[in-house]
C-alpha cells in the first residue's frame, strides 16, 4: 500500500472539496441571508485539513494501483460526509448524527432526509444541499481526475474504483483524464438544459437550477417539503421525467449519441432497451392496478402518477408528488423491487444496475437451456458480443453480496427498533440510493433511532461505492503486501 500517495491524494481531494463552500457563500453574501460565516468556516476547515494531509507528503505520486484507488475512494467518501456536514451543524443546528446523515445522503445522491421545514431554510443552505448531490452525481473523484493534472498519474485506479457498473475498463478516450473531462462536459450540458426546461415549465430561476442539480444527479433533494408535488404542474413533471430518464442512462452513451448525432444509438444499446422496457412494463402494471382499484379517482391521474413514480424510483431519484407507500395491493413492493434494479451502468443512478439484471436473466435462461442440452456451448452475449465468464462470475458475486448485505442491514435495523416494513423500506431507500422508503421512513428519517441512521449511512456508502469497493477493505487479503 502506498500510504504517502494515499494521504497526499486525500489531502488534495479535501482541498478541492473545500471550494464547494464558496458558491453558497457568495450567494449568501449577495442576498444577505446571514449564512456567509458558516460557509467560510466550512471552506477554511476543509482547506486546512486537506493542506495538513498534503503538505508533509507532497511530491511525485508515482503509479498508483487499483488497491490504492479503492482505499482513496472509500476514505474520501467517508471523510466527505463529515466535512460536508459542517453547514448543517452550524446552520439548522442539526446534531452530529443527523448532519452526517444529511451530508452523506446528499453526496451519495440518495435523497433521504432528516430535515423538515425546507421551505423556511435560507436559500444559501438550500443551494448548498442541492449542490451536494450535483457534485456527488458523477463523482467528485472523477471530477478531480478531470481537472487536476497531478491526478492524471494513476487516475485509472481512481476511475475504476469510483465509476459504477461491471465493465469499468471501457473508456471513451485513450486518456483517463480526457474520459473523465468529457463525461463532465456531458453532465454539465444536461444540467444546463434541464435548468432551462424547468424555468420554461414555470419554476423560478433559483428552483430551476436547484432542481436541475438533483434531477441530473438522480438525487431527489428538493427545495420544498412537498418535493415536486409543491408545483402540482404537469409541465414540471414532464421535464423531470425526461431528465430523470436521461440521468439514468450511461453518460458515455450520451456522449456517443451527441458526437455521432444519432439518437438511434439509444435503442441499439441492449441495456437502454431493457431499462426503457422495465419502465414501460412497471408503469403499465401500476397504472392498471390504480385504475382498477380506483385509488386515485381518475384514469388520467393514475397513469400520470404511475409513470412519474416508476421513473423516479428506477432512476433512484426519489422525487415524489404523492405518497406511493400508501398505494393499494402490491404496488409498494413492486416499486421497491424496481428500486433494487436501478438505472444503467455508467449513469448517476443507484441500484444493482440494469446491465447486471440482464446478464443474470441470460445466465438463468442459459442454465435452463443446459438442463435440456447439457453438452451445448451457448455463450452469453451482450450487444451481439460474447461476455467474458469472469464478468458473469463478478455479476453473480455482486448480486450475492448485494442481497446478503440488504438482508443483514434489514435485520440490524429491526434489532434497532424498526418493524419489518420500515426496516426493509429503510434499506431499500439507502442501499439503492432511492431516498423515500416504506413505513415510518416513507418521507423522512428524522424520527428513527440514531443507530438506524448510522446503519443508513453505511448502506448509502455501500450502495454508492457498489459494494465491492467498500467491503474489500474489510478483507485481510486487501491489507497484505
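The values are calculated or read from the model by the stated rules, or taken from the named source; none is laboratory data. Note that the coordinates shown come from a computational prediction; the quantities given were computed from them, not determined experimentally. Because the Cβ atoms are built from the backbone with ideal geometry, glycine has one as well, and the counts that use them run over all protein chains shown.
Check region 423-431 and report whether any residue there is touching a residue at least 40 places away in the same chain (Cβ under 8 Å), in contact with a helix residue (DSSP H, G or I) (Cβ under 6 Å, 6 or more places away or on another chain) and farther than 27 Å from residue 472 by Cβ. Among the residues of region 423-431, at least one is touching a residue at least 40 places away in the same chain (Cβ under 8 Å), in contact with a helix residue (DSSP H, G or I) (Cβ under 6 Å, 6 or more places away or on another chain) and farther than 27 Å from residue 472 by Cβ, which makes the answer yes.
For region 22-31, does any single residue satisfy the condition of being farther than 22 Å from residue 471 by Cα, under 28 Å from the mean Cα position of the chain (by Cα) and free of Cβ contacts under 8 Å to residues at least 40 places away in the same chain? Can you show your working first?
In the first step, residues of region 22-31 are kept if they are farther than 22 Å from residue 471 by Cα; the result is 22-31.
Then keep just the ones that are under 28 Å from the mean Cα position of the chain (by Cα); that gives 22-28.
Now restrict to residues that are free of Cβ contacts under 8 Å to residues at least 40 places away in the same chain: 22, 26.
Taking every residue of region 22-31 in turn, at least one turns out to be farther than 22 Å from residue 471 by Cα, under 28 Å from the mean Cα position of the chain (by Cα) and free of Cβ contacts under 8 Å to residues at least 40 places away in the same chain.
Can you name every residue in region 16-36 that is surrounded by fewer than 18 Cβ atoms within 10 Å (Cβ to Cβ) and either at pLDDT below 90 or touching a helix residue (DSSP H, G or I) at 6+ places or on another chain (Cβ under 8 Å) (or both)?
Pass one, region 16-36, residues surrounded by fewer than 18 Cβ atoms within 10 Å (Cβ to Cβ): 19, 22-23, 26, 29-34, 36.
Once the filter is applied, which keeps residues that are surrounded by fewer than 18 Cβ atoms within 10 Å (Cβ to Cβ) and either at pLDDT below 90 or touching a helix residue (DSSP H, G or I) at 6+ places or on another chain (Cβ under 8 Å) (or both), region 16-36 yields 19, 22, 23, 29, 31, 33, 34, 36.
Of the residues that sit in region 175-209 and are touching a helix residue (DSSP H, G or I) at 6+ places or on another chain (Cβ under 7 Å) and not in a helix (DSSP H, G or I), which one is surrounded by the fewest Cβ atoms within 10 Å (Cβ to Cβ)? Among those residues, the one meeting the criterion is 202. Do we have residue 359 as part of a helix (DSSP H, G or I) and farther than 30 Å from residue 434 by Cβ here? No: the conditions fail for residue 359.
If only residues of region 275-294 that are touching a helix residue (DSSP H, G or I) at 6+ places or on another chain (Cβ under 7 Å) and closer than 18 Å to residue 349 by Cβ are counted, the one that is surrounded by the most Cβ atoms within 10 Å (Cβ to Cβ) is 275.
Does residue 326 meet the test of being surrounded by fewer than 21 Cβ atoms within 10 Å (Cβ to Cβ) and within 20 Å of residue 227 (Cα to Cα)? Can you show your working first?
Values: surrounded by fewer than 21 Cβ atoms within 10 Å (Cβ to Cβ): yes; within 20 Å of residue 227 (Cα to Cα): yes.
Yes, satisfied.
Taking the criterion of being under 25 Å from residue 345 (Cα atoms) and part of a loop (DSSP other than H, G, I, E, B), the residues of region 422-481 that qualify are 432, 433, 434, 435, 436, 437, 465, 466, 467. If the condition is being more than 19 Å from residue 323 (Cα to Cα) and outside any loop (DSSP other than H, G, I, E, B), then region 216-231 contributes only 216. Taken over region 111-141, the residue count meeting the criterion of being crowded, with 24+ Cβ neighbours inside 10 Å and within 21 Å of residue 72 (Cα to Cα) is 8. Among the residues making up region 362-388, those that are assigned to a loop (DSSP other than H, G, I, E, B) and in contact (Cβ under 8 Å) with a residue 12 or more places away in the chain are 378, 380, 383, 387.
Tell me yes or no: at least one residue of region 158-173 is in a helix (DSSP H, G or I), out of contact with any strand residue (DSSP E or B) (no Cβ under 6 Å at 6 or more places or on another chain), surrounded by fewer than 23 Cβ atoms within 10 Å (Cβ to Cβ) and modelled with pLDDT under 90. So that I can check it myself, show each step before the final result.
If we filter region 158-173 for residues that are in a helix (DSSP H, G or I), which is where we start, we get 158-162.
Checking the rest, the ones that are also out of contact with any strand residue (DSSP E or B) (no Cβ under 6 Å at 6 or more places or on another chain) come to 158-162.
Of the ones still in play, those that are also surrounded by fewer than 23 Cβ atoms within 10 Å (Cβ to Cβ) are 160.
In the following step, the residues that additionally are modelled with pLDDT under 90 were identified as 160.
Yes, that holds for at least one residue.
For (1) assigned to a helix (DSSP H, G or I); (2) at pLDDT 95 or above; (3) touching a helix residue (DSSP H, G or I) at 6+ places or on another chain (Cβ under 9 Å); (4) surrounded by fewer than 16 Cβ atoms within 10 Å (Cβ to Cβ), each residue gets a yes or a no:
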{"site": "390", "(1), (2), (3), (4)": "yes, no, no, yes"}
{"site": "393", "(1), (2), (3), (4)": "yes, no, no, yes"}
{"site": "396", "(1), (2), (3), (4)": "yes, no, yes, yes"}
{"site": "400", "(1), (2), (3), (4)": "yes, no, no, yes"}
{"site": "407", "(1), (2), (3), (4)": "yes, yes, yes, yes"}
{"site": "410", "(1), (2), (3), (4)": "yes, yes, yes, no"}
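Of the candidates 256, 308, the single residue that is farther than 26 Å from residue 183 by Cα, surrounded by 14 or more Cβ atoms within 10 Å (Cβ to Cβ) and touching a residue at least 60 places away in the same chain (Cβ under 8 Å) is 308.
Of all residues in region 329-372, how many are within 21 Å of residue 467 (Cα to Cα) and surrounded by 13 or more Cβ atoms within 10 Å (Cβ to Cβ)? Explain how you work it out, then say what you get.
Initially, region 329-372 is screened for residues within 21 Å of residue 467 (Cα to Cα), giving 336-361.
Narrowing further to those that are surrounded by 13 or more Cβ atoms within 10 Å (Cβ to Cβ): 336-360.
Residues flagged as within 21 Å of residue 467 (Cα to Cα) and surrounded by 13 or more Cβ atoms within 10 Å (Cβ to Cβ) within region 329-372 amount to 25.
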